[in-house]
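The values are calculated or read from the model by the stated rules, or taken from the named source; none is laboratory data. Bear in mind the structure is a predicted one, so any value in this text is a computation, not a measurement. Note: ideal-geometry Cβ built from the backbone for every residue, glycine included; neighbour counts use all protein chains shown. In case anyone asks, the SASA skips ligands and DNA or RNA and just uses the protein heavy atoms, side chains included. Shrake-Rupley method; radii C 1.70, N 1.55, O 1.52, S 1.80 Å.
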Amino acid sequence: MKKQKYKMQEIYQGLYDGPHATPPVSDSGAIFLGISNITPDGHIDYSDIRYINESDLPKWTKRVTPKGGDIVFSYEATLNLYAVIPEGFWGCLGRRMALIRPDESKALGKYLYYYFYSDEWRATIAENTIAGSTVDRIPIAKFPEFRITLPDLSVQKKIAGTLSVYDNLIDNNEKQIKLLEEAAQRLYKEWFVDLHFPGYENCRIVDGLPEGWHKDAVDSKISLLSGYAFKSSDFVDKGQYKIVTIKNVKDGDFDGNNVSLIDEIPLKMPQHCVLEEGDILLSLTGNVGRVCLVYGDNYLLNQRVAKLKSDIPGFAYCLFRSRDMFDEMNNLANGAAQQNLSPIRTGKVEVCFPSDDIIQRFETTVKPMIDQEIELNKMNVVLTEARDRLLPKLMSGEIEV
């Protein structure tokens, strides 16, 4: 495969870095895209987005207004994070973030995005990384001089097209997961918040509640089981078991990749810390109240994360994903430096439990949705692994297109 060397500045229309400060936080508005919102596999994570007020946006887009097709990347702290800005994006870059606007007559943006995950580019970043006392960085001023090798546009298009097949399947699965999640939450609200459950028209109200319903503590039906305090000295580079910590519990999304490893399960670790597919996790520190579903195997539960155990998992999951429960948990959280949520206090929160027949009808309807979410997430893991194995072989020319 014939390639030609370029300086980076020869193949883009512009290079821009984000603001060197952080704007005031808003409950809604434009997206403030930070390092934490870019996943290691190259996607924008919208589960924990910060927003800025629309009136503040002009101030924070003086350097650049991100638009569809731009490639955003990190240049300080956590390096080698890349993502393509989607069409219709509304927001600004965060600190330690920059973007390039590709010159499509020389380098296809989609190909560049994949190239940034190649061994060749990673070597370039490693050669130019400046180690700091607190964080590593690449000198953004020298970025235009970084070297890159590109094949003809026709080859770029073929390679990008081949890899995009995997990403398109992943994106479609993500959309299905989102629809399933929204359907489950919508049904929960309709039945248990708006009280439009099956047969509600003919249901008697007794003491302010539908007949057969009752108020009780969360832990009367849902156990909150805390994780185990693993010793970092036991962590190894290659191990059979993966430790799930706070950072792996996203808002509705389980990150099973960024984990520490151990070889053996500690003898004192409770059995409930061995995670199974479909387990429901709850964050207890920092951004408390985040909930996700486990998929995959060989995961162990670390401290400051709780597992929700219940005979009514669909109801338990939707309850803890509801806005009312999220607000309740954040009101309970305390801590001068960071929020800490007590699983014992959370278990004593009083909620309304429906009658057995209604809750079982809910389980019958919602549990298959949750199971399908899990299967789609597992499929995405397989697709991502396949794409990542193929990418270096296409980029190096080992496999021709």
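The table below lists the values:
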| quantity | calculated |
| --- | --- |
| Given (1) hydrophobic (A, V, I, L, M, F, W, C); (2) open to solvent by 10 Å² or more (accessible area, probe 1.4 Å); (3) part of a helix (DSSP H, G or I); (4) over 24 Å from ASN172 (Cα atoms), number of the condition LEU376 does not satisfy | (4) |
| Hits in the stretch 80-112 - residues which are farther than 20 Å from THR22 by Cβ, outside any strand (DSSP E or B) and either in contact (Cβ under 8 Å) with a residue 60 or more places away in the chain or open to solvent by 20 Å² or more (accessible area, probe 1.4 Å) (or both) | ASN80, PRO86, GLU87, GLY88, ASP103, GLU104, SER105, LYS106, ALA107, LEU108, LYS110, LEU112 |
| Breaking point among (1) among the acidic types (Asp, Glu); (2) over 19 Å from ASP219 (Cα atoms); (3) touching a residue at least 40 places away in the same chain (Cβ under 8 Å), for ASP324 | (2) |
| Cβ-Cβ under 8 Å pairs, at least 6 apart or on other chains, the stretch 343-367 side closer than 15 Å to PHE326 by Cα and open to solvent by 70 Å² or more (accessible area, probe 1.4 Å), far side of a type in the set (Lys, Arg) and modelled with pLDDT of 95 or more | GLU350/LYS215 |
| Matching residues in the stretch 165-179 - criterion: being under 29 Å from ASP17 (Cβ atoms), in contact with a helix residue (DSSP H, G or I) (Cβ under 8 Å, 6 or more places away or on another chain) and open to solvent by 20 Å² or more (accessible area, probe 1.4 Å) | GLU174 |
| From the options TYR299, TYR241, residue that is open to solvent by 30 Å² or more (accessible area, probe 1.4 Å) and modelled with pLDDT of 95 or more | TYR241 |
| Scan of the stretch 30-57 for residues that are in contact with a helix residue (DSSP H, G or I) (Cβ under 9 Å, 6 or more places away or on another chain) and either open to solvent by 20 Å² or more (accessible area, probe 1.4 Å) or assigned to a loop (DSSP other than H, G, I, E, B) (or both), ordered by number | ILE31, ASP41, GLY42, HIS43, ILE44, ASP45, TYR46, SER47, ASP48, ILE49, ARG50 |
